[in-house]
1. What FRET efficiency do you get for A:Gln69 and A:Glu40 if R0 is 22 Å and r is their Cβ-Cβ distance, rounded to the nearest 0.05?
2. Pull out the extension gain between B:Val177 and B:Val428, defined as 0.36 nm times the separation in residues minus the alpha carbon to alpha carbon distance; nm, one decimal.
3. Using per-residue counts of other Cβ atoms within 10 Å, averaged over each peptide, order B:182-189, B:50-57 from highest down.
4. At a Förster radius of 25 Å, what calculated FRET efficiency corresponds to the Cβ-Cβ distance of B:Ala449 and B:Leu405, to the nearest 0.05?
5. By how many nm would the segment from A:Ile15 to A:Ser29 lengthen if fully extended, with 0.36 nm per residue of separation less the alpha-carbon distance?
6. What is the average number of partner chain Cβ atoms found within 10 Å of a Cβ in A:16-27?
7. Averaged over peptide B:496-507, how many Cβ atoms belonging to another chain are found within 10 Å of each residue's Cβ?
8. Over all distinct Cα pairs, what is the inverse of the mean 1/r for region B:407-519, reported as the Kirkwood hydrodynamic radius in Å?
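Any read-out appearing in this document is the output of simple, stated calculations on the displayed coordinates, not a laboratory observation. Keep in mind that what you see is a predicted model, and the values were worked out from it rather than measured. All Cβ positions, glycine included, derive from the backbone under ideal geometry; neighbour counts span all protein chains shown.
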Amino acid sequence: MTSPGSATPFQFPEIYSFPPFFTRQPNESTWREQRRQWCELILAYYRHYRLYSISLTEPAREPPFANRQVSRVLPADALREVVDELVKQGNAVWTGAKNTKDACLVLWRKPDVWASMIHQWASERGLLSTVLTVFELTSGDDTVGQEFHDLDAATMRRALDVLQSQGKAQLFAGSSDEDLGVKLFA
Amino acid sequence: MEAVELAQTQRPVLDSGEKIVCVQNRVGLYKGDERDVDHDSGTVYLTTHRIVYVDQERPLERSVGLDLSRVLRSLLHSGFLYTSSKISLHLSAAPPAGRKRGLGGDGSQAGEGSGAGRPAHTRSQSSASARSWQCTICDCVNKGGGKCTLCGVPRPEGAAAKAPEVEMREATLRCPVCTFDNHTSMVQCEMCNSELWQPGPASSGSGSADAQAAGPEAAGGRGSVVKLSFRAGGASAFYSALREAIGGQAWVNGPAPALAAPGSVASGERRAAAAAAGGGISTIVSAAYESERARDVTLRSAFADLDALTAMADDIVGLAEHIAKQLHAPAASKLRGRGASDEDSAARGDAFRQYLLDLGIDSPVTRDTAGAVFHEELARELCDFLEHYVAQCGGSVALVDAYCLYNRAREFTPVYPADFVQACQKFVALRLPLRLREYPSGLLVLEDAASADDTLVTARVDSYIASFGPLTAHDLAAIEDCPLALAEERLWLAERAGHVCRDEGVEGVRFYANNICPW
């Protein structure tokens, strides 16, 4: 299991240093494969460094969207298509202003997986039917060592939404997102 | 008529100095009055020397030719209702001496001369059809032919077997004017007093007239009649061209006047000079000088003005061929290698020869000569001309390049681009070895049907990338020595096939082997 802010550098796949990888291929079947490889790379990279968001408002300069060794950058249009694919798979959602597609939340683990993880932790700790704050879940001492410790607030909210829709949780709105309260049921 | 030699594109092979004057498609042949089932539909070429019939269905086996020198008389019968226009040709029996192409003994294809290689049933069928038969409608007894001469009803199947063997073998001599059947001893027609057509001395007896009545193939010593039936029109144009060609008597001047001309100008003096010098190196040198001077005169007078060049095009083309032949001979290239090294001059000789060959198309197809089959004929000529060039250029050539080259060779009768493209589009239908291809970008390219396979092109691109690394279109154009546009198309082709992928960098598009999605 990778701890947050892992010190070991991410191992890029071989294709990352192949210049045509950063050009959107006109051949449809080549592009499908290329897009699949990009999706894989983004999810792996984001999971490794526990990152959550992509901003497309300005050209990307950082890995994994740019490679300084071969001085290539994935153009924003191609990146949008890649994120569209991630959204279709359920591994990302567009956030930000409507229809602009300039920001997205990467869900390298799907919300229902987070949800069951949280529920399992709570039932093991005997915290069911107890009101907890979201702050307690992400930053509390009890969750240190759990995978969802330090989880991004937006992602956590999506996981809790899943639990609520399953009837396993009830949310209590607070003054801010941090103050959001949740009560988990069996 | 004898079999003719056809080029790969199914056009007749022309002698030097021979030119195609007129072309007409959908023409059928008749021997005498009988339809020739073996030569029922084809394209007829009128050249300055010959009439060549190229069969549509089986061009290689059934094509025949006929020398114009054998034509004694020609008549045009205009069509009426369902009858198509016909031209009948009265032929002399024996081929005139001195012609290179020997003729069969007879005007009909079933004749003894050319019948050797033909299947036996053809001959038996034709002799059966020559036997008399009785019409089922009017009881008229006919001699041969497919229709009753009296009522026009087609001959029923097996009529010959049923008909009584009443051979109408009376010796008759048909009047060419009123068609009355005269007795063979008559000199003038009994009906109209016109001259009866006199048979040759060999056939003055009554037996030969009888033989002709029985069937044309037996008329050994006598002239015969061949008819051309123009089912798609064009008879009158063909007829006038034919009259002109016969009047021109191009065959009388010898097969290659162009080659003789430059030499013969000075041949008299040269021989005298040679005699005076008494042979040796000086004679050779002076002979070379003389012929050079003669050439010089030809060239100067030819380029004096364009009209003159048109008139002398024959000479110039002949000269070009002649020089090309000389250059081809290794001895000549050694003689010429005085200043430069041998290889150098050989290379230059090659280039020069290529220019000379590019110069001449002997008898270009034009709208006037080809009429309705203009585009088909143009396609065939194009193929003859360009096939070698396309093969040399690695199997494909941009259409524009081909057009320029071809028009330069045509000299005074350039073709319109639209006609050129239309002709190229006929390659597939005519089963010619070239193809016109339009790439998705709109680039038109002429390709060799055999080597223009996409898989071959992509395989070539693959091998280049394997040995030279990633390629730009420029690189490929340099490697293959082809136009940039074509190089781009080839790379795109390989990309569409999924063999390569592109990298769009600041310095342009570069193509890599497809590591993303290995095929």
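1. Details: r = 20 Å, r/R0 = 0.90.
According to the calculation, E is roughly 0.65.
2. On the way: separation 251, 0.36 × 251 = 90.36 nm, distance 4.86 nm.
Length difference between fully extended and current span is 85.5 nm.
3. Working: B:182-189: 13.9, B:50-57: 20.9.
Descending mean neighbour count gives B:50-57, B:182-189.
4. Details: r = 19 Å, r/R0 = 0.77.
For B:Ala449 and B:Leu405, the calculated efficiency is 0.85.
5. Working: separation 14, 0.36 × 14 = 5.04 nm, distance 1.67 nm.
So the chain would gain 3.4 nm between A:Ile15 and A:Ser29.
6. Values: counts 0, 0, 7, 8, 15, 5, 3, 9, 2, 9, 5, 13.
Per residue, the number of nearby Cβ atoms from other chains is 6 on average.
7. 5
8. Details: mean 1/r = 0.0635 Å⁻¹.
Kirkwood radius, region B:407-519: 15.7 Å.
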